[in-house]
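Please read the structure below before turning to the comments.
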Amino acid sequence: MKLKIGLPFIILFIFLFVNQSIAQKGWIDLFNGKDLKDWNIKISKHEYNENYANTFRVEDGLLKVSYDGYGDFDQQYGHIFYKKPFSYYLLSVTYRFVGEQAKGGEGWALRNSGAMLHCQAPETMLKNQDFPISIEGQILGGDGIHERHTSNVCTPGTQIFYEGKLFTPHCLDSKSKTYAGDQWVTVQFLVLGDSVIKHIIDKEVVLEYTKPQIGGGNVTNYDPKVKLDGKALTSGYISLQSESHPIEFKKVKLYNLEPYANDKAKLDKVIEKLIND
């Protein structure tokens with residue numbers, strides 16, 4: 001029997017296909033679920049792109065940060081960088097903490113990691129530099145005892161403005177709830193050049209600050225030529241941290257908002273749709 005497909009059905013199919021294509025336009029899967037292609041590694045006390053002790057690896061479709069090859073953590077802080085910088089974007093990261101902290105890890109690093117925003121280029125980090133000059137979207141897991149907000153901000157070699165004033169302490173807590181155990185958590189970071197950065201969980205802005213710039217302390221053994229205090233952070237690389245507690249990343253994706261940077265009305269409309277979808 002020959003199947004007849006009516007014009008209304010064809011129109012509906014085309015409409016759904018076009019709508020789906022528009023919805024997906026702009027998203028980039030930074031992590032492909034298969035390997036570390038498109039990523040570069042810098043671990044303190046090691047050369048650029050030396051993946052010491054296989055710290056960063058892909059297993060079971062997950063990007064894992066592991067320390068089974070370490071004797072003592074010994075402040076070997078690591079970061080894995082996506083290959084290219086961005087300026088205007090929405091970054092979405094799905095993570096969970098697992099297992100026990102590596103031997104020798106600092107007490108504050110328990111269930112602690114981060115998504116580093118507006119990072120310096122990884123190849124400009126010196127061998128013994130601890131953290132990239134960047135804005136850290138700090139990720140924390142509950143310890144079962146204390147309140148521990150996630151999606152906070154920390155500032156290695158940088159400064160921010162909060163509620164209209166220069167904020168000089170190293171870290172600032174968000175208003176998120178505590179996420180204990182090994183549950184999956186999705187955090188989003190809306191970054192609009194050097195104008196504003198918003199941390200979002202479950203469609204709610206849990207932290208907002210402005211004017212990210214180079215300055216302050218909390219980073220060591222860096223190249224002075226890179227740390228240009230007062231310079232606005234309008235763009236930079238994105239990296240994920242290894243700070244001594246095992247963590248797994250299921251999704252790392254980015255919606256590129258650069259095409260809308262000069263059209264505020266359109267930019268606001270796209271952002272609203274992305275956050276509320």
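How big is Rg to Rh over region 175-277, alpha-carbon atoms, Rh as the Kirkwood inverse-mean-distance radius? Intermediate values should be presented prior to the final figure.
Values: Rg = 16.2 Å, Rh = 16.4 Å.
Here the Rg-to-Rh quotient is 0.99.
Along its principal axes, what span do the Cα atoms of the chain show, with the longest given first and each in whole Å?
71, 45, 39
Taking 35 Å as R0, compute the FRET efficiency from the Cβ-Cβ separation of GLU147 and ASP35 and round it to 0.05.
Efficiency, from the Cβ-Cβ distance: 0.40.
What angle, in degrees between 0 and 90 and rounded to the nearest 10, separates the Cα long axis of helix 7-24 from the longest principal axis of the Cα atoms of the chain?
Roughly 10 degrees, rounded to the nearest 10.
What fraction, in whole percent, of alpha-carbon pairs in region 95-148 exceed 18 Å separation?
Everything past 18 Å amounts to 46 percent.
Strictly over 30 Å apart at the Cα level, which of LYS103/LYS198; LYS203/LYS266; LYS127/LYS165; LYS231/LYS273; LYS175/LYS273 would you flag in this model?
Going by Cα-Cα distance, LYS103/LYS198; LYS127/LYS165; LYS231/LYS273 fall outside the 30 Å limit.
Report ³J(HN,Hα) in whole Hz for each residue of region 145-156, in order, from the Karplus equation J = 6.51 cos²θ - 1.76 cosθ + 1.60 where θ = phi - 60°; Gly and Pro get x.
The phi angles translate into 10, 9, 6, 9, 5, 10, 6, 7, 10, 10, 9, x Hz.
Across region 122-132, in residue order, what do the Karplus-derived ³J(HN,Hα) couplings come to in whole Hz, using 6.51 cos²θ - 1.76 cosθ + 1.60 with θ = phi - 60° and x for Gly and Pro?
Each residue's phi maps through the Karplus curve to give x, 6, 8, 6, 7, 3, 9, 5, 7, 10, x Hz.
Using only DSSP helix segments of four residues or longer, with each worth -39500 (n - 2.57), what per-residue ellipticity at 222 nm results for the chain after dividing by its residue count and rounding to 500?
Using -39500 (n - 2.57) per qualifying helix, the result is -3500 deg cm²/dmol.
Okay, which of region 104-137 sit inside 19 Å, backbone N to the point 7 Å along the Cα-Cβ direction of THR234?
From region 104-137, the list is 117-121, 134-135.
Just tell me which aspartates and glutamates come within less than 19 Å, Cα to Cα, of LYS83; anything on the same chain fewer than 8 places away is out.
Counting by Cα, and skipping residues close in sequence, LYS83 has these aspartates and glutamates nearby: ASP29, ASP35, ASP38, GLU47, GLU50, GLU123, GLU136, GLU258.
Pick out, in residue order, every one of the chymotrypsin sites (Phe, Trp or Tyr not before Pro) in region 113-191 that is DSSP loop and has at most 13 other C-beta atoms within 10 Å; say none if there are none.
TRP184
What angle, in degrees between 0 and 90 and rounded to the nearest 10, separates the Cα long axis of helix 264-276 from the longest principal axis of the Cα atoms of the chain?
That helix lies at roughly 90 degrees to the long axis.
Over the chain, with every protein chain in place, what whole percent of the accessible area is carbon and sulfur at 1.4 Å, could you tell me?
Values: 7190 of 13730 Å².
Of all accessible area on the chain, carbon and sulfur atoms account for 52 percent.
Given a 1.4 angstrom probe, what's the average accessible area per residue across the chain, in square angstrom?
On a per-residue basis, 50 Å².
Over the residues of region 234-277, compute the C-alpha Rg and express it relative to 2.2 N^0.38 Å.
1.61
Determine, from the Cβ-Cβ distance of ASN276 and LYS64 and an R0 of 45 Å, the FRET efficiency 1/(1 + (r/R0)^6), rounded to the nearest 0.05.
0.90
Provide the per-residue ³J(HN,Hα) series for region 88-101, in order, calculated from phi with Karplus coefficients 6.51, -1.76, 1.60 and θ = phi - 60°, each as a whole number of Hz, with x at glycine and proline positions.
Residue by residue, region 88-101 yields 10, 6, 10, 9, 10, 10, 10, 9, 8, 8, 9, x, 10, 5 Hz.
Sequence-distant or interchain residues sharing an amide H contact under 5 Å with THR178, placed H: which?
HN-HN under 5 Å from THR178: ARG148.
Near the amide H of ILE28, under 5 Å away, which other amide H atoms are found, from residues 5 or more places off or on another chain, if H is placed in the peptide plane?
Those lying under 5 Å, H to H, from ILE28 are LEU254, TYR255, ASN256.
The values are calculated or read from the model by the stated rules, or taken from the named source; none is laboratory data. Quantities reported herein were computed from a predicted structural model and do not represent experimental measurements. Ideal geometry is used to build each Cβ from the backbone, glycine not excepted, and the neighbour counts take in all protein chains shown. SASA here: full protein model, heavy atoms, side chains in, ligands and nucleic acids out. Shrake-Rupley method; radii C 1.70, N 1.55, O 1.52, S 1.80 Å.
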